[in-house]
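Enquirer: I am attaching a structure below and will ask some questions about it afterwards.
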Amino acid sequence: MTQDEMRALVLAELQRIAPEVDGAALDGARPLREQVDLDSVDYLGFLVALHKATGVDIPESDYEAVATLDGCVAYLLAH
Amino acid sequence: MAEQAQAPMPSAAAPAPESPATPATVRMTYREAVREAIREAMHADPRVFVMGEDVGAYGGCYAVTKGLLTEFGPERLRDTPLSESAFVGAGIGAAVGGMRPIVEIMTVNFSLLALDQIMNTAATFLHMSGGQCNVPVVIRMTTGAGRQLAAQHSHSLEGWYAHIPGLRILAPATVEDARRMLAPALADPDPVLLFEHALLYNVSGDVPPADAFVPFDRAIVRRAGHDVTLVTYGGMLARTLEAAERLAADDGIEAEVIDLRSLRPLDEATILDSVRRTHRAVIVDEGWRSGSLSAEIAARIAEQAFFDLDAPLRRVCSAEVPMPYARHLEQAALPQVDGILAAVRPLVTR
Amino acid sequence: MSDIRLPSLGADMDAATIVSWCVAPGDAVQKGDLLGEIETDKGVFDLDSREAGVVAALLVAPGTKVTVGTPIVRLQEAVPVPTAAAPEAPEAPEAPEAPEAPEAPEAPEAPEAPEAPEAPEAPAAPEAPAAPSALAAPAAPPPSPSPHHPHVSPLARRIAAEHGLDLAGVTGTGVQGAITQADVARALAARDDATPAAPTGAPVPTPASAHTPATIVDGMRRAVAAAVTRSKRDIPHYYLEHDVDLHAALAWLARHNADRPITERVLPAALLVRATVQALARVPELNGVHEHGAFTPSSAVHVGIVTALRGGGLVAPVIADAQTHSLAELNAALLDLVQRTRAGALRTSELGGGTISITNLGDRGVRAVHGVIYPPQVAIVGFGAIADRPWAVDGMLAVRPVVTITLAADHRVSDGIRGAQFLADIGRRLQAPEDA
């Protein structure tokens, strides 16, 4: 999977939870939860959806690494 | 209370008393219209005089007779003690004795003190004297709520009086009617009660020449329409007309608005003619619903136009509570435009 | 024979529009089966059956708005009736006389029909066997209910008589579903020009989609406004706050989650809900409903989870019998319910019936939330943000993750001391989360 494909996948899952998200307007380097209204249920749902789509299980200790869009894409590609 | 109700007097509002029949349409307030009607009557007939609480020196608690004491003197503008039973009784006696008294009662609530005189004497004398004694008295009184005068000054009891055979009950809702109804009331050989809604006194309106006046016992279609008939009178006419305009603008419903004018006798022909065209009727009455004038009108429509009805009759009345003092509660208790809209809309389906 | 009535999905709901049916006369349904969709001010919900039986008749046409308590589906006892499928079911294209009804079961022709607020009774099936309206004809002839006469306005009846029109085939659009002059005129026109495919000129609305998102938000706003206004008018609230150190709880949770796949990971919010539910067992005067001047405590804890919707508005879906749930079950229920709420996939049985509510604004950073009780409940528990704060530990200053738990409760039912004991109990339970 290329970086662009992964990015598209992550965005699609995000938009499934927060349909108002405009992918082009997101700053990839800023934490997602500063830019998108996600509560803890939404966020866990988002990570579970990524897990189901990619098979990658993100442990709680790695939440820091996936806090941004860029970090998330890189983390999923690396695992 | 009297001070609260007193309104500033326009300094030179009075036209020349010598020309009672005004040649063209003139604009004035409802208060001025009643005053002009009284002046005209007093100039026209020396038997006419006014009596009531504070009508003379004070000018009337709603300032209707202000200035008349100077013009006509204390013999014809008679301040009375605070005893409705006594001065209404005196007025009836004067009428039987050949005078043409105009008795003013401060509010319809206080008229209950004189109910014995009105009901047991004025309304019955002609009958009990075998047709020998007419009672040509005119009794004016204020009715209705909306001024935060609470549960002893604000009710609409004209429907009770409309129950009584022997009385004529008028409810002038327009400035023209306020100006023109008094003369035929005085000319009537029997007792006439005029109900003036307290919120109308400051309203301005046109008074066309006297010959344009529709006889006082006829209801008038104030707004033509073909979808529903709204029957009302007195203080509710303005908001019923407002509701009709809203229905036209918002819902495309053309409501016909009937101003009853005479509550007894009722002009059934005008009501029934309208309902037979619109097939629906809503009655807007500031009185309480139970045993009310609105009930009477609904019953007559059901009796005489049943097979022309395409929807249930509806009524918009005051809440069945003593009129509250607090402004928001008083407004909530009274029929409002939104209540009229809510009553009408479900009836008109296409 | 029994009727399923339109359920109340909360104190702020008094009516709903039937959007569609997904059962037909003759269908057997079990408790919990989907019957159709209804639309309230808060959106569209799946209507699930609260009884088992065989559908005898659908009493309300799609697109019709009915008040809570209106019978909407008639069920027979679950004895299979093989021939029950009504031959004159509404879809039958050859239904006589009323051309506008047959092929559009979700569109009674009058645009006003869905609005008719004064129709507490279901529009009745006309006396004659064929009901070309959108309603299903009674399915099983034998124990047929007493024939229900449709309302006909006096004028409509007179005109119909003058023209020899049989009113049995006419759908009423007036007050209480009454047949009006206009309905008769349409029926006469349809009879006179025998071109059945010519419907009247009136545009046919599609009530199912009549609500735009904007009107749903408006309706939602009105519904929320009605509920909170009633609450603040009728319920004398008292408010308490209690700060709780979550150091032990979060440490335990981190260990707990570390061993588990992401799909089984427990949220701090679930821990808070769990502690609240357990503490409620000891304070019955906070769990129940206050109606008709009296409080009825509930032994079961049905927790309403106040959930904000994207685009605005609130819904409080209920986790029923939360006291029987393990932490893992509670966590799963919480995730499932909140996600389905936001996806618009709630069922009617998941709304209403709550005995207490929980609101959590902590994710948005606020320190404390003083809730408005959702009538007829008598308490709402609020959670603020879990944030590092200075905290005295053994006489020394430490930095600890602290949450402010609040209680708004109905003073008619409970006193502050009970509320305080309740909050303290939640705090104690959070110090020993492994017991959860």
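The values are calculated or read from the model by the stated rules, or taken from the named source; none is laboratory data. Since we're looking at a predicted model, the values are computed, not measured. Quick reminder, even Gly has a Cβ in these numbers, built from the backbone with ideal geometry, and neighbours come from all protein chains shown. Ligands, DNA and RNA are stripped out before the accessible areas are found, and what is left, the full protein with its side chains, is counted by its heavy atoms. Shrake-Rupley method; radii C 1.70, N 1.55, O 1.52, S 1.80 Å.
Enquirer: Residues of the range B:109-141 being among the hydroxyl-bearing types (Ser, Thr, Tyr) and open to solvent by less than 10 Å² (accessible area, probe 1.4 Å), which ones? Write out each step before concluding.
Expert: So in the range B:109-141, the residues among the hydroxyl-bearing types (Ser, Thr, Tyr) come out as B:111, B:121, B:124, B:129.
Across the range B:109-141, the qualifying residue is only B:Ser111.
Enquirer: When the range A:4-32 is examined, which residues are found to be hydrophobic (A, V, I, L, M, F, W, C), open to solvent by 20 Å² or more (accessible area, probe 1.4 Å) and within 14 Å of chain C (Cβ to nearest Cβ)?
Expert: Hit for the range A:4-32 is A:Ile17, nothing else.
Enquirer: Right, something else. In the range C:311-352, how many residues are touching a Pro at 6+ places or on another chain (Cβ under 7 Å) and either within 14 Å of another protein chain (Cβ to nearest Cβ) or part of a loop (DSSP other than H, G, I, E, B) (or both)?
Expert: Matching residues across the range C:311-352 total 6.
Enquirer: Let me ask you something else. Being under 28 Å from B:Ile118 (Cα atoms), assigned to a loop (DSSP other than H, G, I, E, B) and in contact (Cβ under 8 Å) with a residue 12 or more places away in the chain, is that true of even one residue in the range B:230-253? Before you say what the answer is, go through the steps one by one.
Expert: Within the range B:230-253, the first condition is being under 28 Å from B:Ile118 (Cα atoms), and the residues that meet it are B:231-237.
Checking the rest, the ones that are also assigned to a loop (DSSP other than H, G, I, E, B) come to B:233.
Next, from what is left, pick out any that are in contact (Cβ under 8 Å) with a residue 12 or more places away in the chain: B:233.
Among the residues of the range B:230-253, at least one is under 28 Å from B:Ile118 (Cα atoms), assigned to a loop (DSSP other than H, G, I, E, B) and in contact (Cβ under 8 Å) with a residue 12 or more places away in the chain, which makes the answer yes.
Enquirer: While we're on this one: Identify, by number, the condition in (1) away from chain C (no Cβ under 14 Å); (2) in a helix (DSSP H, G or I); (3) polar (S, T, N, Q) that B:Ser290 doesn't meet.
Expert: Only one criterion is unmet by B:Ser290, namely (2).
Enquirer: Please go through the range A:42-75 and pick out each residue that is away from chain C (no Cβ under 13 Å), assigned to a helix (DSSP H, G or I) and among the β-branched types (Val, Ile, Thr).
Expert: A:Val73
Enquirer: Scan the range C:353-391 residue by residue and report those that are open to solvent by 30 Å² or more (accessible area, probe 1.4 Å) and not in a loop (DSSP other than H, G, I, E, B).
Expert: Answer for the range C:353-391, where residues must be open to solvent by 30 Å² or more (accessible area, probe 1.4 Å) and not in a loop (DSSP other than H, G, I, E, B): C:Asn360, C:Asp363, C:Arg364, C:Ala387, C:Asp388, C:Arg389, C:Pro390, C:Trp391.
Enquirer: When you look at B:Arg314, is it under 12 Å from B:Thr229 (Cβ atoms), within 11 Å of chain C (Cβ to nearest Cβ) and open to solvent by 10 Å² or more (accessible area, probe 1.4 Å), yes or no?
Expert: Values: under 12 Å from B:Thr229 (Cβ atoms): yes; within 11 Å of chain C (Cβ to nearest Cβ): yes; open to solvent by 10 Å² or more (accessible area, probe 1.4 Å): yes.
Answer is yes for this residue.
Enquirer: Which numbered condition in (1) among the polar types (S, T, N, Q); (2) open to solvent by less than 70 Å² (accessible area, probe 1.4 Å); (3) within 11 Å of chain C (Cβ to nearest Cβ) is the only one that A:Gln35 fails?
Expert: Unmet condition: (3).
Enquirer: Testing A:Met1 on (1) modelled with pLDDT under 85; (2) within 12 Å of chain C (Cβ to nearest Cβ), one condition comes back false. Which one is that?
Expert: (2)
Enquirer: Show the residue pairs meeting these rules: Cβ distance below 7 Å; 6+ apart or different chains; first residue within the range C:1-25 and without any contact (Cβ under 8 Å) to a residue 24 or more places away in the chain; second residue of a type outside the set (Phe, Trp, Tyr) and not in a loop (DSSP other than H, G, I, E, B).
Expert: Listed pairs, sorted by first residue: C:Cys22/C:Leu34; C:Cys22/C:Leu35; C:Cys22/C:Gly36.
Enquirer: Can you name every residue in the range C:16-50 that is of a type in the set (A, V, I, L, M) and either assigned by TED's automatic domain parsing to the domain that holds C:Val315 or buried (at least 18 other Cβ atoms within 10 Å of the Cβ) (or both)? Reasoning before the result, please.
Expert: The initial filter retains those residues of the range C:16-50 that are of a type in the set (A, V, I, L, M), namely C:16, C:18-19, C:23-24, C:28-29, C:34-35, C:38, C:44, C:47.
Result: C:Ala16, C:Ile18, C:Val19, C:Val23, C:Val29, C:Leu35, C:Ile38, C:Val44, C:Leu47.
Enquirer: I'd like the full set of residues that are open to solvent by 30 Å² or more (accessible area, probe 1.4 Å), within 13 Å of chain B (Cβ to nearest Cβ) and not hydroxyl-bearing (Ser, Thr, Tyr), limited to the range C:160-176.
Expert: C:Ala161, C:Glu162, C:Gln176
Enquirer: Taking C:Ala269 and the conditions (1) closer than 22 Å to C:Gln431 by Cβ; (2) open to solvent by 10 Å² or more (accessible area, probe 1.4 Å); (3) more than 14 Å from every other protein chain (Cβ to nearest Cβ), which numbered condition does it fall short on, given that it satisfies the others?
Expert: Single failed check for C:Ala269: (3).
Enquirer: Let me ask something else. What residue, of B:Ile301, B:Ile340, is more than 28 Å from B:Ala150 (Cβ to Cβ), within 25 Å of the chain's Cα centre (by Cα) and among the β-branched types (Val, Ile, Thr)? Working first, answer last.
Expert: Values: B:Ile340 fails: more than 28 Å from B:Ala150 (Cβ to Cβ).
Just one listed residue meets the conditions, B:Ile301.
Enquirer: Given the criteria free of Cβ contacts under 8 Å to residues at least 60 places away in the same chain and outside any helix (DSSP H, G or I), does C:Thr263 qualify? Full working, then the answer.
Expert: Values: free of Cβ contacts under 8 Å to residues at least 60 places away in the same chain: yes; outside any helix (DSSP H, G or I): no.
No; evaluated as a whole, the condition is false for this residue.
Enquirer: Determine which single condition C:Thr406 fails, assuming it passes every other condition in (1) in contact with a His (Cβ under 9 Å, 6 or more places away or on another chain); (2) among the polar types (S, T, N, Q); (3) surrounded by fewer than 18 Cβ atoms within 10 Å (Cβ to Cβ).
Expert: It fails just one condition, (3).
Enquirer: Just one of (1) within 14 Å of chain A (Cβ to nearest Cβ); (2) in contact (Cβ under 8 Å) with a residue 60 or more places away in the chain trips up C:Glu241, so point out which.
Expert: (1)
Enquirer: What are the residue pairs meeting all of these: first residue in the range A:1-21, first residue over 16 Å from A:Lys52 (Cα atoms), second residue among the β-branched types (Val, Ile, Thr), Cβ atoms under 7 Å, and 6 or more apart or on different chains?
Expert: Listed pairs, sorted by first residue: A:Gln3/A:Val73; A:Ala18/A:Val36; A:Val21/A:Val36.
Per-residue answers, yes or no, for (1) exposed (fewer than 15 other Cβ atoms within 10 Å of the Cβ); (2) touching an Asp or Glu at 6+ places or on another chain (Cβ under 6 Å); (3) at pLDDT 90 or above:
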{"position": "C:Ala279", "(1), (2), (3)": "no, yes, yes"}
{"position": "C:Val289", "(1), (2), (3)": "no, no, yes"}
{"position": "C:Gly311", "(1), (2), (3)": "yes, no, no"}
{"position": "C:Leu314", "(1), (2), (3)": "no, no, no"}
{"position": "C:Asp321", "(1), (2), (3)": "yes, no, yes"}
{"position": "C:Thr324", "(1), (2), (3)": "yes, no, yes"}
{"position": "C:Leu327", "(1), (2), (3)": "no, no, yes"}
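Enquirer: Of the residues B:Ala248, B:Ala243, which single one is surrounded by 17 or more Cβ atoms within 10 Å (Cβ to Cβ) and outside the structural domain of B:Glu158 (by TED's automatic domain parsing)?
Expert: Details: B:Ala248 fails: surrounded by 17 or more Cβ atoms within 10 Å (Cβ to Cβ).
When all the criteria are applied, what remains is B:Ala243.
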